[in-house]
Amino acid sequence: MSQRSKDTAVGAGLGAVAGSVITGGTTAGAIGGAVIGGVIGHENGKK
């Protein structure tokens with residue numbers, strides 16, 4: 001697994017947890033957080 005892939009996976013995982021916490025445990029919050037976190041992690045991996 002490349003470093004960029006790892007960054008994406010970590011970002012998605014952290015985003016899912018954060019999204020779930022922020023929205024009170026909703027599935028939509030977890031999914032939205034995972035998507036946003038994955039994108040941030042992917043972009044961060046470019047550097």
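Derivation of every value follows stated rules applied to the coordinates shown; laboratory data play no part. Since the model is a prediction, treat every value here as computed from it, not as a measurement. Please note: Cβ atoms are built from the backbone with ideal geometry, for glycine as well, and neighbour counts cover all protein chains shown.
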Before we move on, is G38 touching a Ser or Thr at 6+ places or on another chain (Cβ under 9 Å) and free of Cβ contacts under 8 Å to residues at least 24 places away in the same chain? no
Take G32 and decide whether it is surrounded by fewer than 16 Cβ atoms within 10 Å (Cβ to Cβ) and not aromatic (F, W, Y). no
Identify, by number, the condition in (1) surrounded by 12 or more Cβ atoms within 10 Å (Cβ to Cβ); (2) in contact (Cβ under 8 Å) with a residue 12 or more places away in the chain that K46 doesn't meet. (1)
Can you report the number of residues in the chain which are outside any helix (DSSP H, G or I) and touching a helix residue (DSSP H, G or I) at 6+ places or on another chain (Cβ under 9 Å)? 5
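Sort out which residues of region 18-29 are of a type outside the set (G, A, S) and surrounded by 14 or more Cβ atoms within 10 Å (Cβ to Cβ), and write them in order of number.
T23, the sole residue that qualifies.
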